[in-house]
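No value in this document is a laboratory result; all are computed from the given coordinates. What you see is a predicted model, and the numbers here were worked out from it, not measured in a lab. Here Cβ is always computed from backbone atoms with ideal geometry, including for glycine, and neighbour counts include all displayed protein chains.
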Amino acid sequence: MSNLQLQQSTKAFSVGTVGDLTDFAGKAFIKDTLQTTGVEVSLGTLAAGEAVPFRHHHRENEEVYLLISGEGVLTLDGEDIHVASGSIVRVSPAVSRQLRNTGTSPLLHVCIQAKAGSLDHYTMNDGVLEED
């Protein structure tokens, strides 16, 4: 399954699924389905030898790439960075980026993006412990 499907939604939370990640192929963005308001998350795969068909950068959003499986190269401002399962890469908004699969199996990754600078000392103290 390559589409994110909504399973449950209330005013307080949303639950969705893309199914078994070992069968996932393509690209899925969560914002429209789960109605996120402060972060965008996408799940994507690239087949062996495949690359994102364009380079891009952002005006305001930084991205964090989490490599779930496979291996590849993330080109950042012209520098090739080898990435593999377990790699976590933060990319500032203005940095040009493009991901390609250099391995022999599918490359599965999660990309999280949010406005750069939005995590400050207040955000890091945002959690409130609740008593049982």
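Brief remarks follow.
- At q = 0.13, 0.17, 0.19, 0.24 Å⁻¹, base-10 log of I(q)/I(0) for the range 1-79 (Debye sum, equal scatterers on each alpha carbon): -0.51, -0.84, -1.00, -1.32
- Remark: the chain carries a charge dipole of roughly 500 debye about the Cα centre, counting +1 on each Lys and Arg Cβ and -1 on each Asp and Glu Cβ.
- When the convex hull of its Cα atoms is viewed from all sides, the range 76-132 shows a mean projected area of 6.7 nm².
- Take 89-102, 17-30 and order them by the average number of nearby Cβ atoms within 10 Å per residue, most first; the result is 89-102, 17-30.
- The C-alpha radius of gyration of the chain, expressed as a fraction of 2.2 N^0.38 Å, stands at 1.16.
- Positive-end ranking of HIS109, GLY78, THR17 along the dipole of the chain, with charges on Cβ about the Cα centre, is headed by GLY78.
- For a modelled paramagnetic label at VAL15, 7 Å from Cα along Cα-to-Cβ, the residues of the range 35-53 in reach, with backbone nitrogen under 18 Å, are 35-36.
- Excluding exposed DSSP-loop GluC sites (Glu not before Pro) (at most 16 other C-beta within 10 Å), longest clean stretch of the chain: 61-129
- Each stretch of four or more DSSP H residues adds -39500 (n - 2.57); spread over every residue of the chain, this sum gives -1000 deg cm²/dmol at 222 nm.
- Column: log10 I(q)/I(0), Debye, Cα scatterers of the range 19-58, q = 0.26, 0.29, 0.31 Å⁻¹: -1.02, -1.06, -1.09
- Distance between the C-alpha centres of the range 1-57 and the range 75-125: 16 Å, rounded to the whole angstrom.
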